[in-house]
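Everything below concerns the one structure shown next.
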């Protein structure tokens, strides 16, 4: 492998994503790196996240096709391998890289995520841009990350503390995102209806079989997915109705407010 | 992604010429990467903290520079 791999300057993944953006790609970051990014992104709004930070590894998993793989490899001037189908995960290919300090990392391309259709994931993808860094990337929405994590946990025989850590982190990330949604709906930046539809979908998930199973097995309180304080205070009628008809009616631990 | 015909042809050639590996070989590559980092730590060439930092996409300060461009779409397309 050593003779194939080019050297990356320090900054590793950041430089790689900058190169990808420069090549016209909007890398679609998934897996533990997506969970970690959301955790750090929302940590200022959810202080508990700092106690739960999920770990990341040297394998960056990007969602994409073979042309994305070839484009990134070209931009990095790196050779790549294609992976034959048949493994437990749909990995299309891998770009092995060696940084200038001798450390190795890998970029893997996968075709799909478990339990989510490609259309679903592409349409609901979050676009994040840093003008300072010259990076634009996409991430699965926090709710997609949560669903995938929940399904993957269910599929595994034993759960590690790290899995639970990641799930708890994603619960808080979703709450932070919905809190931004409530604020945006109150200032009429986004349509209230769209926020309610999103909350209804997330609520329906909490009542699904995998979610109920996770709640029972790991003592996950799905009410934590919702920004209860903001929902209690909101003046938006539809949002308020959702809070009363769904959360108050379903979760005994949900605080009561007069109708 | 916009690529011209020449780039597309180069991509097709690169894809055709790329070595194909099995999933087991991929797992082996992953294992090699992890082992190399363990060796770097045990030989004193790297601190565990350094390995953690290398494994992250961005620093906390860098993450603060990102803006979510499509909150409404993310919420509207929640499925």
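The values are calculated or read from the model by the stated rules, or taken from the named source; none is laboratory data. Keep in mind that this is a model prediction, so the values were computed, not measured. Here the Cβ is made from the backbone with ideal geometry for all residues, glycine too, and neighbour counts use every protein chain on show.
Is segment A:44-51 home to any residue that is within 11 Å of chain B (Cβ to nearest Cβ), more than 30 Å from residue A:228 (Cβ to Cβ), in contact with a helix residue (DSSP H, G or I) (Cβ under 9 Å, 6 or more places away or on another chain) and modelled with pLDDT under 90?
Looking through segment A:44-51, none of the residues is within 11 Å of chain B (Cβ to nearest Cβ), more than 30 Å from residue A:228 (Cβ to Cβ), in contact with a helix residue (DSSP H, G or I) (Cβ under 9 Å, 6 or more places away or on another chain) and modelled with pLDDT under 90.
Quick check on my filter: what residues within segment B:61-76 are farther than 22 Å from residue A:110 by Cα and facing chain A (nearest Cβ under 7 Å)?
Result: B:62, B:63, B:65, B:66, B:67, B:68, B:69, B:70, B:71, B:72, B:75, B:76.
For the structure I just gave you, tell me whether residue A:115 is assigned to a loop (DSSP other than H, G, I, E, B), surrounded by fewer than 18 Cβ atoms within 10 Å (Cβ to Cβ) and more than 7 Å from chain B (Cβ to nearest Cβ).
yes
Could you figure out which of (1) crowded, with 19+ Cβ neighbours inside 10 Å; (2) in contact with a strand residue (DSSP E or B) (Cβ under 7 Å, 6 or more places away or on another chain); (3) closer than 20 Å to residue B:56 by Cβ isn't true of residue A:173?
(2)
If I go through segment A:118-137 residue by residue, how many of them are under 14 Å from the mean Cα position of the chain (by Cα), modelled with pLDDT of 95 or more and within 7 Å of chain B (Cβ to nearest Cβ)?
Residues that pass the stated criteria total 3.
Residue-wise test of (1) within 24 Å of residue A:121 (Cβ to Cβ); (2) within 8 Å of another protein chain (Cβ to nearest Cβ); (3) out of contact with any strand residue (DSSP E or B) (no Cβ under 9 Å at 6 or more places or on another chain); (4) in a strand (DSSP E or B).
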{"site": "A:34", "(1), (2), (3), (4)": "yes, no, no, no"}
{"site": "A:37", "(1), (2), (3), (4)": "yes, yes, no, no"}
{"site": "A:41", "(1), (2), (3), (4)": "yes, yes, no, no"}
{"site": "A:54", "(1), (2), (3), (4)": "yes, no, yes, no"}
{"site": "A:68", "(1), (2), (3), (4)": "yes, yes, no, no"}
{"site": "A:73", "(1), (2), (3), (4)": "yes, yes, no, no"}
{"site": "A:93", "(1), (2), (3), (4)": "yes, yes, no, yes"}
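Among the residues of segment A:57-66, are any over 19 Å from residue B:18 (Cβ atoms), facing chain B (nearest Cβ under 10 Å), crowded, with 18+ Cβ neighbours inside 10 Å and touching a helix residue (DSSP H, G or I) at 6+ places or on another chain (Cβ under 7 Å)?
yes
Pick from A:204, A:249, A:215: which is surrounded by fewer than 19 Cβ atoms within 10 Å (Cβ to Cβ) and more than 20 Å from the chain's Cα centre (by Cα)?
Residue meeting the stated conditions: A:249.
Within segment A:138-211, which helices (runs of 4 or more DSSP H) (wholly inside it) include 3 or more residues that are away from every other protein chain (no Cβ under 13 Å) and either under 16 Å from residue A:231 (Cα atoms) or touching a residue at least 60 places away in the same chain (Cβ under 8 Å) (or both)?
By residue number, A:142-155, A:161-186.
Give segment A:75-89 a look and list any residue that's assigned to a loop (DSSP other than H, G, I, E, B) and more than 10 Å from chain B (Cβ to nearest Cβ), or say none.
Of everything in segment A:75-89, those that are assigned to a loop (DSSP other than H, G, I, E, B) and more than 10 Å from chain B (Cβ to nearest Cβ) turn out to be A:77, A:78.
Give the residues of segment B:21-60 that are facing chain A (nearest Cβ under 7 Å), under 16 Å from the mean Cα position of the chain (by Cα), assigned to a helix (DSSP H, G or I) and within 30 Å of residue A:129 (Cα to Cα), sorted by residue number.
B:30, B:33, B:54
Could you list, ordered by first residue, the pairs with Cβ atoms under 6 Å in which the first is in segment B:1-29 and closer than 20 Å to residue A:96 by Cβ and the second is at pLDDT below 90 and surrounded by 11 or more Cβ atoms within 10 Å (Cβ to Cβ), at least 6 apart or interchain?
Note: pairs meeting the criteria are B:23/A:87.
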